[in-house]
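Note sheet for the following structure.
Coordinate-derived values only; no laboratory data. Computed from a prediction, not measured in an experiment: that's the story for all the values here. Don't worry about glycine lacking a Cβ; one is built from the backbone with ideal geometry, like all the others, and counts go over all protein chains shown.
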Amino acid sequence: MKDFPKSALPKGAKVGDMLIIDGDTINISKEGTEKLRKEIDDLMDELFED
């Protein structure tokens, strides 16, 4: 885990986004972010089943 100043993040980055760090370049992985969100949704569905 590493801290970055907000100014170093790409425009539009938000909490929960998966970031790809390559040297001095930081990009948002839309595919990775969606995969993580789906995994979290699936876990929450399991946890709160009726």
Note to self: Please go through segment 12-27 and give me each residue that is assigned to a loop (DSSP other than H, G, I, E, B) and closer than 24 Å to I40 by Cα, ordered by number.
What the structure shows: G12, A13, K14, V15, G16, D17
Next item on the list: Can you confirm whether segment 33-40 contains a residue that is assigned to a strand (DSSP E or B) and either exposed (fewer than 10 other Cβ atoms within 10 Å of the Cβ) or out of contact with any Lys or Arg (no Cβ under 9 Å at 6 or more places or on another chain) (or both)?
Entry: no
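Let's see how each residue does on (1) surrounded by 10 or more Cβ atoms within 10 Å (Cβ to Cβ); (2) in contact with a helix residue (DSSP H, G or I) (Cβ under 7 Å, 6 or more places away or on another chain); (3) of a type in the set (A, V, I, L, M, F, W, C):
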position	(1), (2), (3)
D3	no, no, no
K14	no, no, no
L19	yes, no, yes
S29	yes, no, no
